[in-house]
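The values are calculated or read from the model by the stated rules, or taken from the named source; none is laboratory data. What you see is a predicted model, and the numbers here were worked out from it, not measured in a lab. FYI the Cβ positions are ideal-geometry reconstructions off the backbone, even for glycines, and counts take in every protein chain you see. All accessible areas refer to the heavy atoms of the entire protein, side chains included, with ligands and DNA or RNA removed. Shrake-Rupley method; radii C 1.70, N 1.55, O 1.52, S 1.80 Å.
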Amino acid sequence: KGGVWIMAEIIWKNKSSKEVKGLIITNTPPITKPKMKVNKIEIDGRDGAIDFTDYFGNVRYNNRRITCEFVSKDRRINKWQEVANMLHGKKGNISFSDDLNYHFVGRISLDVWNCDKSTGSFKATIIC
């Protein structure tokens, strides 16, 4: 109560989602740790497995998927095209407004443009 609400945003290649007029990110996605690439070998007659996960140096990780939902007050298809041209299939640095000191390197994939009577919406999946 009495606090200031700040609209969430993503920063993509140094451009804020707030710069696209009428575009609002509806959620700040939960960021999970990526799964480790585990390398174990089972040997008959031996208890347990031999773990080579960090044998050759640092532990390596799989890519993770981060999904964001966006809504636009402008439901016209040209708004969708503007956003798609800026993001879809592109790779770059991505930051979220709740932690601008950290960035992910990933590729963005956009889902279908959905329209109702007053807004348009879509999901963006970041693979990083």
Average accessible area per residue (Å²) across the chain - probe 1.4 Å, nucleic acids and ligands excluded: 72
Entries in Lys21/Lys90; Lys21/Lys91; Lys13/Lys73; Lys13/Lys40; Lys13/Lys79 that, when Cα-Cα distance is taken, lie over 30 Å: Lys13/Lys40
Estimated translational D of region 8-81 in µm²/s (Stokes, Kirkwood radius over Cα pairs; 20 °C; 1.002 mPa s): 130
Arg65-Ser16 FRET efficiency (beta carbon distance; Förster radius 22 Å; 0.05 resolution): 0.50
About the Cα centre, charge dipole magnitude for the chain (Lys/Arg +1, Asp/Glu -1 at Cβ), debye: 540
Region 1-70, relative contact order in percent, only Cα pairs under 8 angstrom and at least six apart counted: 30
Whole-number percent relative contact order across the chain, with pairs defined as alpha carbons under 8 Å at least 6 apart: 26
Rg over Rh [alpha-carbon atoms, Kirkwood Rh] for region 65-128: 1.00
Listed candidates [x] 47; [y] 43; [z] 54 - label of the one calculated as percent of Cα pairs over 20 Å apart: [z]
Cα centroid of region 53-121 to Cα centroid of region 6-52, whole Å: 12
